[in-house]
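Novice: This structure is in structure tokens; I'll ask about it shortly.
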Amino acid sequence: MRVAVGQHSRWLPPCGTFKKANHGNLRSSGFHLRWNSSQSPKPPSVTTVFSGIQPTGVPHLGNYLGALREWVRIQDAAAENTKLIFSIVDLHALTVPQRSHQLRTWRKEALATLIAVGLDPSRSIIFYQSTVHHHAELYWILSTVASTGYLSRMTQWKSKLKLPDDTSLENSEVRSKLRLGLFSYPVLQAADILVHRATHVPVGEDQRQHLEFSRYTANSFNHLYGDIFPYPEAVISPARRVMSLKEPTLKMSKSHSDERSRIILTDTPEEVQRKVKVALTDSEPGITYDPVRRPGVSNLIEILSHLEGRSCHEIASGYATASPRALKVHLSEKICQTLSPIREKYGAVMADAAALEDISEQGARAARANAEVTMKAVRKAMGL
Ligand code: AQP
């Protein structure tokens, strides 16, 4: 999503107008999940972490650094009573046409990837969204309070239809192209988060706008029916937005037509080297970190920084008089080091179809039980 943060603030109640309650920061051991006490209707009794990934291809390095690696870090540091819930959001994948056999494969690949990167099904609930009907049920209920004006200003449907960000629904040609599911996608995303009463949602920067919409929708619902939902907090990864290797002004994405624009987590060392080698840089001599003037080189430096834990400026000064080629060789090595164990584990996990099936069934059962508690309260509050 290419949205200025805070673009929708005029439709959101200012923080002070959310109903106030007194509760402090919720901390998991080692990993601090801060809770903003001024914004939620009542203190959540437990910290609940929720996030999702679309099964629209094998996840790439942007998904990994911007989301999956953070999920695993949160899982590994979480206090015992923190609920950890991660979903393969297959209903979201349907907002653009899919071939059934392809989607079936991608779902399985996404599940295997989550295990391969280090999510532990005995600690985290991992499930396919479509196997927990409560998500769709809450989607409908929230659609009765969600603002279409707000949705029309959001950018996801415009970018999926390859329309400019200032596209208006007044245009009849646009209306005829736009399907309701794509338009109302953020309502389903709000339902995903709220049905589990998530307090924290670890995502990449591109999802910030959707999180704001979820908070807004939770507030609209609570205002009408009582304080059911906490307002979820976005936990934005330090790798906020990993950019495309071929068009470094766009984010790395699963759906870009050029497969050399992304490193996927199952790429072999040869594939990694080939893609990094042809990554777009520029003809300026030496290496400097300057994302505005030198987006290609700066993206490579940023990726290396996220892999090595060193600052971008430190990396750039170490390569000040070197060529992009030297930087690329080092970056390729680092990516291969990170991906090798993931690729190996992924192969082993994919080979055991029965184990994957068990994981998804166990996850669906646990997610259903958790969502049912919320839906009971929602149905009761609404007179259903
Ligand atoms: N380039 C990125 N940099 C940092 N974080 C990213 N994420 C996605 N791309 C980047 C984060 O990954 C999580 C799961 O993303 P998703 O698959 O649900 O959604 P997406 O944003 O639509 O991912 P893609 O890869 O870009 O898919 P397509 O091409 O289908 O649009 C999210 O937390 C997201 O922020």
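The values are calculated or read from the model by the stated rules, or taken from the named source; none is laboratory data. In this text, all values refer to a predicted model and were calculated from it rather than measured experimentally. Note that each Cβ is placed from the backbone with ideal geometry, even for glycine, and that neighbours are counted across all protein chains shown.
Novice: Could you go through the stretch 154-170 and let me know if any residue there is in a helix (DSSP H, G or I) and more than 16 Å from the ligand (Cβ to nearest atom).
Specialist: Taking every residue of the stretch 154-170 in turn, none turns out to be in a helix (DSSP H, G or I) and more than 16 Å from the ligand (Cβ to nearest atom).
Here is a yes/no grid of residues against (1) in contact with an Asp or Glu (Cβ under 9 Å, 6 or more places away or on another chain); (2) assigned to a helix (DSSP H, G or I); (3) within 15 Å of the ligand (Cβ to nearest atom):
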| position | (1), (2), (3) |
| --- | --- |
| Arg197 | no, no, no |
| Gln207 | no, yes, yes |
| Arg241 | yes, no, yes |
| Glu247 | yes, no, yes |
| Glu271 | no, yes, no |
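Novice: I'm told Ser214 meets every condition in (1) within 16 Å of the ligand (Cβ to nearest atom); (2) farther than 19 Å from Tyr64 by Cα; (3) in contact (Cβ under 8 Å) with a residue 40 or more places away in the chain except one. Can you identify the failing condition by its number?
Specialist: Just one mismatch for Ser214, condition (3).
Novice: What are the residue pairs meeting all of these: first residue in the stretch 51-80, first residue more than 10 Å from the ligand (Cβ to nearest atom), second residue acidic (Asp, Glu) and assigned to a loop (DSSP other than H, G, I, E, B), Cβ atoms under 8 Å, and 6 or more apart or on different chains?
Specialist: From the stretch 51-80, the pairs are Gln75/Asp120.
Novice: Spot the failing condition for Glu205; the list is (1) more than 17 Å from the chain's Cα centre (by Cα); (2) at pLDDT 90 or above; (3) surrounded by fewer than 21 Cβ atoms within 10 Å (Cβ to Cβ), and only one is missed.
Specialist: Unmet for Glu205, out of (1) more than 17 Å from the chain's Cα centre (by Cα); (2) at pLDDT 90 or above; (3) surrounded by fewer than 21 Cβ atoms within 10 Å (Cβ to Cβ): (1).
Novice: Enumerate the pairs (first residue in the stretch 236-261 and within 17 Å of Tyr289 (Cα to Cα); second residue anywhere and within 6 Å of the ligand (Cβ to nearest atom) and among the polar types (S, T, N, Q)) with beta-carbon separation below 8 Å, excluding pairs fewer than 6 apart on the same chain, so at least 6 apart or on different chains.
Specialist: Close Cβ pairs (under 8 Å, with a partner that is within 6 Å of the ligand (Cβ to nearest atom) and among the polar types (S, T, N, Q)) amount to Ser244/Ser253.
So that you can scan it fast, the table gives a plain yes or no per residue for (1) more than 22 Å from Leu114 (Cα to Cα); (2) surrounded by 17 or more Cβ atoms within 10 Å (Cβ to Cβ):
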| site | (1), (2) |
| --- | --- |
| Val292 | yes, no |
| Leu300 | yes, yes |
| Gly309 | yes, no |
| Ser323 | yes, no |
| Thr338 | no, yes |
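Novice: Before we move on, is Gly24 more than 16 Å from the ligand (Cβ to nearest atom), at pLDDT below 50 and not in a helix (DSSP H, G or I)? Working first, answer last.
Specialist: Values: more than 16 Å from the ligand (Cβ to nearest atom): yes; at pLDDT below 50: yes; not in a helix (DSSP H, G or I): yes.
Against the criterion (more than 16 Å from the ligand (Cβ to nearest atom), at pLDDT below 50 and not in a helix (DSSP H, G or I)), Gly24 qualifies.
Novice: Among the residues of the stretch 84-102, count how many are β-branched (Val, Ile, Thr) and in a strand (DSSP E or B). Walk me through it before giving the result.
Specialist: Step one: filter the stretch 84-102 for residues β-branched (Val, Ile, Thr), giving 85, 88-89, 95-96.
Still in the running and in a strand (DSSP E or B): 85, 88.
Number of matching residues: 2.
Novice: Please work out which residue is nearest to the chain's Cα centre (by Cα), limiting yourself to the stretch 84-115 and to residues that are over 21 Å from Leu188 (Cα atoms) and touching a residue at least 60 places away in the same chain (Cβ under 8 Å).
Specialist: Ranking the candidates gives Leu114 first.
Novice: I would also like to ask the following. Given the criteria more than 15 Å from the ligand (Cβ to nearest atom) and not aromatic (Phe, Trp, Tyr), does Pro232 qualify? Can you show your working first?
Specialist: Working: more than 15 Å from the ligand (Cβ to nearest atom): no; not aromatic (Phe, Trp, Tyr): yes.
So Pro232 does not fit the description; no.
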